[in-house]
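Asker: Supplied in structure tokens, the structure appears directly below.
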Protein chains: 2
Amino acid sequence: MSTSSSASPSRAATLTDVARLAGVSIATASKAINGRAQVRAETRQRVLEAAEQLSFAPNALAKSLLQGRTGTVGLLTSDLEGRFSIPVLMGAEDAFGAGRVSVFLCDARGDAIREQHHIRALLSRRVDGLIVVGSRTDPRPPLEGDIPVPVVYAYAPSEDPRDISITADNVEAGRLAIDHLLSCGRTRIAHVSGDVTYKAAKDRARGAADALADAGLELVGGRTFFGSWSEGWGRGAARMVVERHPDVDAFFCGSDQIARGVLDALRELGRDVPTDVSVIGFDNWAVLTTNARPQLTSIDMNLEQVGRVAAKRLFAAIEGTASSGIEELPCRVVTRESTVPNG
Amino acid sequence: MSTSSSASPSRAATLTDVARLAGVSIATASKAINGRAQVRAETRQRVLEAAEQLSFAPNALAKSLLQGRTGTVGLLTSDLEGRFSIPVLMGAEDAFGAGRVSVFLCDARGDAIREQHHIRALLSRRVDGLIVVGSRTDPRPPLEGDIPVPVVYAYAPSEDPRDISITADNVEAGRLAIDHLLSCGRTRIAHVSGDVTYKAAKDRARGAADALADAGLELVGGRTFFGSWSEGWGRGAARMVVERHPDVDAFFCGSDQIARGVLDALRELGRDVPTDVSVIGFDNWAVLTTNARPQLTSIDMNLEQVGRVAAKRLFAAIEGTASSGIEELPCRVVTRESTVPNG
DNA sequence: CTGAAAGCGCTTACAG
DNA sequence: CTGAAAGCGCTTACAG
């Protein structure tokens, strides 16, 4: 069907080419192609056929130059290999709509110089706006310098309350996790989490403590066990908790990696999940949750939704309808085999 | 330090603004800013100061329109959430250099219509070239239609030998894995891999068989055990292999997920890794390899390098220096605790 | 209904 | 060394 030969790319056709082939002026060709009313049907037909025949794709650069809008946005991240940027990016791409808005992706790799280079380049290319994605929920310094277009911060909010920031509600997520475990009939709940310097870790712990307090309970051990975001820490912490608090009946883990470690330790200690102990993870990272034994219940931060909302807010800001401040979006529980009601 | 207020974005300055402020013509301003020789030093200084003061960023759209080159490329993927696109993308971004070339990222989500929309949009934006990233090494149909710019296929090669494709050498990777196990003194080697419909799975198996044959050996069980790319399959396959072939002393796994399953099964069967049995995975996916017990030796496909080379080939093609055909890049062994020499 | 002309922001010969 | 003019590809009033 396709007779394409990528071996011999031809010069892109211009409106002048189309007009010439159709035997009209470029003004008329322009109107015909853009569906303006004042064109005779027969003429429009002739122009469209010429355009088709030449595979005419209107030069967006020329259009943008006239209209002062490019229909492009820049997406700045420092965490491409991490698992935060990608869902946000997909959500944003989704919200913009395929082809309507094009996204420049830039990874600064945590390097401030590199970030400056990228910002300069993006502004030169006249992006209509910028989305800045971070990998931690700790507020970050706003972009430096005079940015003549709207900026939205996704996942990692800006320190400046006048900026627009979209992130996940980690306090509420902590509550969700505990409420889920409570609804499974658990009351002796331990919270094993990661690096305490992360705001996300502290927020989840606070939400968990609040939810337990509301139920007249408290965490096993009286506090959150902070450590690192690793399976190894999960294993060690689980062993310690079981030894000191043999009546523990549930673990709320600060990440799926920690949860995997907890699951392994519990199996080796002869505690059945979910019969004896329920386990809930965090992040809902498929490669970890679906391969776990048993499959892992986890909290999903709906990062694609964060991206989608960020894109919408950016749109609104471009249109001049400015919101501002930090908007915290809800997380959700994804139930799998590691937690069951009244287990 | 930064007095920026992202709350009040100002209109982007133009060359006319700079020229006016410096008291020169826009032609002179242009020359001064672009380092052309024919400008008096004092004049140049004045122009540069004006530009600085106005945060002047030259309009790349206007420049591109003149020069017929945009300094942008499109990166088309269908596998953003997967683990193949991101490293390739990072490598490409790396090769292009921060700010010199900007990358439009488009995720088609496996939808042909969506892909067409993205291609149209990218061509409208006059990208200088296209990189198409796939998640499987099975050759894929080339992009449809008349693409007036060079295209490079990364990881997933094009079916058309006239196209430029860069991928990883999975046959050689199979040899590398076996050679590593042989050099650890292993001779009873099993190969547990994933979905047999993947060319990558078949290629790795072929390389493994070839390397063993060169050493006068063959795979334990006389063949590769194909299954799925999951931990569950790794666990089941390992149990089966150990039962039928108790003298097995090494596992070459088709993915790190499979390897994690194999490690778990071996531990539960009381086989020590790496003393009794060596295990090598594939993909070198950090979250799996570094959290494994013991840490997992794995094959790294150097996907960033694939991206870097793809970017270079695209550059060359844009400059008119066309290469063509499939270029297969070497993989490498990343040694960790799960394999040791003469264990 | 159709087309000549101006202009978006820039660069590049070409005069002065 | 400096500047007026043409032109990249398009759209949009404005005449005809």
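Asker: Which ³J(HN,Hα) values in Hz, rounded to whole numbers, follow from the phi angles of the stretch A:175-189 under the Karplus curve 6.51 cos²θ - 1.76 cosθ + 1.60, where θ = phi - 60° and Gly and Pro get x?
Answerer: Coupling constants for the stretch A:175-189: 4, 4, 4, 5, 4, 4, 5, 4, 5, 8, x, 8, 9, 9, 9 Hz.
Asker: Further question: Of B:202/B:312; A:63/B:63; A:312/B:63; A:31/A:312; A:63/B:312, which sit over 25 Å apart, Cα to Cα?
Answerer: From the list (B:202/B:312; A:63/B:63; A:312/B:63; A:31/A:312; A:63/B:312), the Cα-Cα distance tops 25 Å for B:202/B:312; A:312/B:63; A:31/A:312; A:63/B:312.
Asker: Taking the Cα centre of each part, how many Å lie between the stretch B:177-242 and the stretch B:107-142?
Answerer: 34 Å
Asker: Another question, if that's okay. In chain B, if the dipole is taken from +1 on Lys/Arg beta carbons and -1 on Asp/Glu beta carbons about the Cα centre, which of B:221, B:61, B:103 is farthest to the positive end?
Answerer: B:61
Asker: Sticking with this structure for a sec: Mind computing the radius of gyration and Dmax over the alpha-carbon atoms of the protein assembly as shown? Å is fine for both.
Answerer: My reading of the Cα-based Rg and Dmax gives 28.6, 88 Å.
Asker: Sorted by average packing, counted as other Cβ atoms within 10 angstrom per residue and highest first, what order do B:221-228, A:192-199, A:213-220 take?
Answerer: A:192-199, B:221-228, A:213-220
Asker: Give me the inter-chain shielding for B:321-329: mean count of other chain Cβ atoms within 10 Å, whole number please.
Answerer: Per-residue shielding by partner chains comes out at 0.
Asker: What order do you get for B:162-168, B:12-18 when each peptide is scored by the mean count of other beta carbon atoms within 10 Å, highest first?
Answerer: The peptides rank, most packed first, as B:162-168, B:12-18.
Asker: What is the distance in Å between the Cα centres of the stretch B:296-323 and the stretch A:20-93?
Answerer: 30 Å
Asker: Using only the alpha carbons, work out the radius of gyration and Dmax of the stretch A:15-58 in angstrom.
Answerer: Answer for the stretch A:15-58, Rg first and Dmax second: 8.7, 24 Å.
Asker: If you fit an axis through the alpha-carbon atoms of helix A:303-318 and take the longest principal axis of the Cα set of chain A, what angle between them do you get, 0 to 90°, nearest 10?
Answerer: 40 degrees
Asker: Still on this structure, please answer the following. Give the shape of the stretch B:70-114 as rounded, prolate or oblate, defined through the alpha-carbon gyration tensor: a ≥ b ≥ c are the square roots of its eigenvalues, a/c under 1.5 means rounded, and otherwise the shape is prolate if a/b is larger than b/c and oblate if not.
Answerer: It comes out oblate by the Cα gyration axes.
Asker: If the label for residue A:325 sits 7 angstrom from Cα along the Cα-to-Cβ line, what are its distances to the same label in every other copy, in nm to one decimal, shortest first?
Answerer: 6.4
Asker: Quantify how strongly other chains surround peptide A:138-144 by giving the mean number of their Cβ atoms within 10 Å of each of its Cβ atoms.
Answerer: Per residue, the average neighbour count from other chains is 2.
Asker: Taking square-rooted eigenvalues a ≥ b ≥ c of the alpha carbon gyration tensor, is the stretch B:224-274 rounded, prolate or oblate, where a/c under 1.5 means rounded and, failing that, a/b exceeding b/c means prolate?
Answerer: prolate
Asker: Put the label 7 Å from Cα along Cα→Cβ for residue B:65; what are its distances to the other copies, in nanometres, shortest first?
Answerer: 0.3
Asker: Mind checking which aspartates and glutamates have their C-alpha under 18 Å from residue A:199, skipping anything on the same chain fewer than 8 residues away?
Answerer: Result set, ordered by chain and number: A:79, A:138, A:159, A:160, A:169, A:172, A:210, A:256, A:283, A:300, A:327, A:328.
Asker: If you line up the long axis of helix B:256-268 against the longest principal axis of chain B, both from Cα atoms, how many degrees apart are they, to the nearest 10?
Answerer: 30 degrees
Asker: Same structure again: Restricting to the protein assembly as shown, compute how many DSSP beta bridges are antiparallel as a %, nearest 5.
Answerer: In the protein assembly as shown, DSSP labels about 10 percent of beta bridges as antiparallel.
Asker: From the label point of residue B:337, set 7 Å from Cα along Cα→Cβ, how far away are the matching label points in the other copies, in nm, ordered shortest to longest?
Answerer: 2.7
Asker: Once the Cα atoms of helix B:85-96 and of chain B are each reduced to a long axis, what angle between those two axes, in degrees from 0 to 90 to the nearest 10, is obtained?
Answerer: 40 degrees
Asker: Can I ask one more? Quick one: net charge of residue B:211's neighbours, Cβ under 14 Å, K/R +1, D/E -1?
Answerer: Summing Lys/Arg as +1 and Asp/Glu as -1 gives -3.
Asker: Note the per residue figure in Å³ for the convex hull of the C-alpha positions in chain B.
Answerer: Cα convex hull per residue, to the nearest whole number: 200 Å³.
Asker: Describe numerically, in nm with one decimal, the distance between label points set 7 Å from Cα along Cα→Cβ at residue A:240 and at residue B:268.
Answerer: For residue A:240 paired with residue B:268, the spin-label model returns 2.8 nm.
Asker: Order these peptides, B:134-146, A:295-307, by their mean beta-carbon neighbour count within 10 angstrom, highest first.
Answerer: Going by the mean number of other Cβ atoms within 10 Å, highest first, we get A:295-307, B:134-146.
Asker: Of A:274, B:174, A:71, which is farthest along the charge dipole of the protein assembly as shown in the positive direction, counting Lys and Arg as +1 and Asp and Glu as -1 at C-beta?
Answerer: The Cα lying farthest towards the positive end belongs to A:71.
Asker: In peptide B:262-270, how many Cβ atoms from other protein chains are near each Cβ within 10 Å, on average?
Answerer: 1
Asker: Turning to a different aspect of this structure: What translational D, rounded to a whole number of µm²/s, comes out for the stretch A:121-245 from Stokes-Einstein when the hydrodynamic radius is the Kirkwood one over Cα pairs, at 20 °C and 1.002 mPa s?
Answerer: 128 µm²/s
Asker: Using only the Cα atoms of the stretch A:170-300, build the gyration tensor, take square roots of its eigenvalues as a ≥ b ≥ c, and label the shape rounded, prolate or oblate: rounded if a/c is under 1.5, else prolate if a/b is larger than b/c, else oblate.
Answerer: rounded
Laboratory data are not the source of any read-out in this text; all were calculated from the coordinates shown. This structure is a prediction, so every number in the text was calculated from the model and none was measured. FYI the Cβ positions are ideal-geometry reconstructions off the backbone, even for glycines, and counts take in every protein chain you see.
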